[in-house]
Amino acid sequence: MQHRPYNFAPGPATMPESVLTQAARDMLDWNGCGMGVMEMSHRGKEFTSIIEKAERDLRDLLAVPAEFHILFMQGGGLGENAIVPMNLCGPLAGAAQAAEVQTDFVITGGWSQKSAKEARKYAQVNVAASNEDDQHRHLPDPATWQLSSQPRYVHICSNETVFGVEFPSLPDLKALGCDAPLVVDCSSHIASRPVEWDKVGVAFAGAQKNLGPAGVTLAFVRDDLLNQAMPICPSAFNYKNVANNQSMYNTPPTFGIYMAGLVFQWIKDQGGVAAMEQLAIAKSTRLYAAIDSSSLYENKVDANCRSRMNVPFFLRGDDGLPLLDAEHPRNAAFLAGAKARGLLNLKGHKSAGGMRASIYNAMPLEGVDALVTYLQDFERTQA
């Protein structure tokens, strides 16, 4: 049986084929109810059963503690960059409001840069650490972070999709002498490894990389952080409103939640997050080994913080320097040859150049093997 092309897109990304097949079967009639999911009332018993099961499965998969609310929201990870400060930078009960609310950001790539830029509309932003000086190739050592005295929260992006930098573990703010909650944008690697919830205040993830289609954003909010919204926060994005209404305050993205629920079940059927982590280690180890052993390809990220999900790499020119221009004949030939082999969406982000292979949970090991074989075959043609 011929397999579908292997899709290495960074998001929206490849999804399990069995999930797509199930969704196609359900398109006109879900469970014999006579309606497709997109036609259902979000308050009807049919969709209520879908979202309740999705939440139960996700809480089980990620071992989400009871003190965290799971919110199904809209707006994507980029939207959460505004929603988070609007929810965490408001007046605190029983405390004098500071003239300017302070937030801290650790910059490790394009997404944390965007997060800091957005937060500046709502609060003061202190860049506690940054790896911009070496083009996002390393992680700043937490011991060197210059945290504010009383930040409302500290924000990190635990896996940077564009530059391929991943925190191997979450920072322990208390060990750094900081009592602020940690906010984690984990969009690019959610459900690929366990979450250290004892270090987290808020986590969020767009579903379109590892958990489903674009249109659903998952927010995990610790209960004690629900009452800190700014007065300007729209009611539909107020975490407390969303939590109190079981993600039904605003009409939720019903079909996206249904699809995400199918992915949650698929992950459980594969053995859960532990199995996904082992698969991610196997896939990324194999791909990085092929790149590192080559004289044509190069990955610039420090080995101790390379992403298991997003693997950027460059082809070298005849002078040995990386080819940044996507239109360079060698890059163009590489992408054309990959497409002919059914290896899709390997072009790197415009801000980084080069190539990038996103190998999320739904990418099978066989897809990485096919890519490695192509890397080796293409290199032989360039000798």
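The values are calculated or read from the model by the stated rules, or taken from the named source; none is laboratory data. Computed from a predicted structure; not experimentally measured. Methodologically, a virtual Cβ is constructed for each residue, glycine included, from the backbone with ideal geometry; neighbour enumeration extends over all protein chains shown.
Every test in (1) touching a residue at least 40 places away in the same chain (Cβ under 8 Å); (2) out of contact with any strand residue (DSSP E or B) (no Cβ under 6 Å at 6 or more places or on another chain) is passed by Met355 save one, and that test is (2). Within the stretch 244-257, residues that are within 24 Å of Val19 (Cβ to Cβ) sit with their Cβ atoms under 6 Å from residues that are assigned to a helix (DSSP H, G or I) and among the aromatic types (Phe, Trp, Tyr), at 6+ positions apart or across chains, in these pairs: Thr254/Phe47.
Restricting attention to the stretch 251-274, the residues that are exposed (fewer than 15 other Cβ atoms within 10 Å of the Cβ) and closer than 22 Å to Glu39 by Cβ add up to 1.
For the stretch 275-293: of the residues being closer than 24 Å to Arg316 by Cβ and in contact (Cβ under 8 Å) with a residue 12 or more places away in the chain, which is surrounded by the most Cβ atoms within 10 Å (Cβ to Cβ)? It would help to see each step written out before you state the result.
To start, the set of residues in the stretch 275-293 that are closer than 24 Å to Arg316 by Cβ comprises 283-293.
Now narrow it down to the ones that are in contact (Cβ under 8 Å) with a residue 12 or more places away in the chain: 283-284, 286-288, 290-291.
Values: Lys283: 25, Ser284: 22, Arg286: 15, Leu287: 22, Tyr288: 19, Ala290: 21, Ile291: 19.
By that ranking, first place goes to Lys283.
Within the stretch 13-44, the set of residues being assigned to a loop (DSSP other than H, G, I, E, B) and of a type in the set (Gly, Ala, Ser) comprises Ala13, Gly32, Gly34, Gly36, Ser41, Gly44. Being more than 19 Å from the chain's Cα centre (by Cα), under 18 Å from Phe167 (Cα atoms) and not charged (D, E, K, R) is true for just one of Asn299, Asn310, Asn331. Which residue is that? Criteria check complete, one pass: Asn299. Only one of the numbered conditions (1) within 30 Å of Asp133 (Cα to Cα); (2) crowded, with 21+ Cβ neighbours inside 10 Å; (3) not polar (S, T, N, Q) is not met by Leu343, and that is (1).
Within the stretch 157-184, residues that are over 15 Å from Asp104 (Cβ atoms) have Cβ atoms under 7 Å from residues that are assigned to a loop (DSSP other than H, G, I, E, B) and of a type in the set (Phe, Trp, Tyr) in these pairs: Ser158/Phe167, counting only partners at least 6 apart in sequence or on another chain. Under the condition of being in contact with a helix residue (DSSP H, G or I) (Cβ under 8 Å, 6 or more places away or on another chain) and either β-branched (Val, Ile, Thr) or under 22 Å from Ser307 (Cα atoms) (or both), the residues counted in the stretch 200-209 number 6. As for the stretch 42-65, it holds no residue that is surrounded by fewer than 18 Cβ atoms within 10 Å (Cβ to Cβ), over 23 Å from Gln265 (Cβ atoms) and not basic (Lys, Arg).
Within the stretch 229-250, if we keep just the residues that are buried (at least 19 other Cβ atoms within 10 Å of the Cβ) and of a type in the set (A, V, I, L, M, F, W, C), the residue that is farthest from Val202 (Cα to Cα) turns out to be Cys233. Regarding Phe47, is this residue assigned to a helix (DSSP H, G or I), out of contact with any strand residue (DSSP E or B) (no Cβ under 6 Å at 6 or more places or on another chain) and in contact (Cβ under 8 Å) with a residue 60 or more places away in the chain? For Phe47, the condition - assigned to a helix (DSSP H, G or I), out of contact with any strand residue (DSSP E or B) (no Cβ under 6 Å at 6 or more places or on another chain) and in contact (Cβ under 8 Å) with a residue 60 or more places away in the chain - is met.
Among the conditions (1) surrounded by 19 or more Cβ atoms within 10 Å (Cβ to Cβ); (2) over 27 Å from the mean Cα position of the chain (by Cα), Leu92 misses just one, which is (1).
Does Ser49 fit the bill of being under 16 Å from the mean Cα position of the chain (by Cα) and not assigned by TED's automatic domain parsing to the domain that holds Tyr360? Write out each step before concluding.
Working: under 16 Å from the mean Cα position of the chain (by Cα): no; not assigned by TED's automatic domain parsing to the domain that holds Tyr360: yes.
No: the conditions fail for Ser49.
Arg356 meets each of the listed conditions (1) on the phi < 0 side of the Ramachandran plot; (2) outside any strand (DSSP E or B); (3) touching a Phe, Trp or Tyr at 6+ places or on another chain (Cβ under 8 Å) apart from (2).
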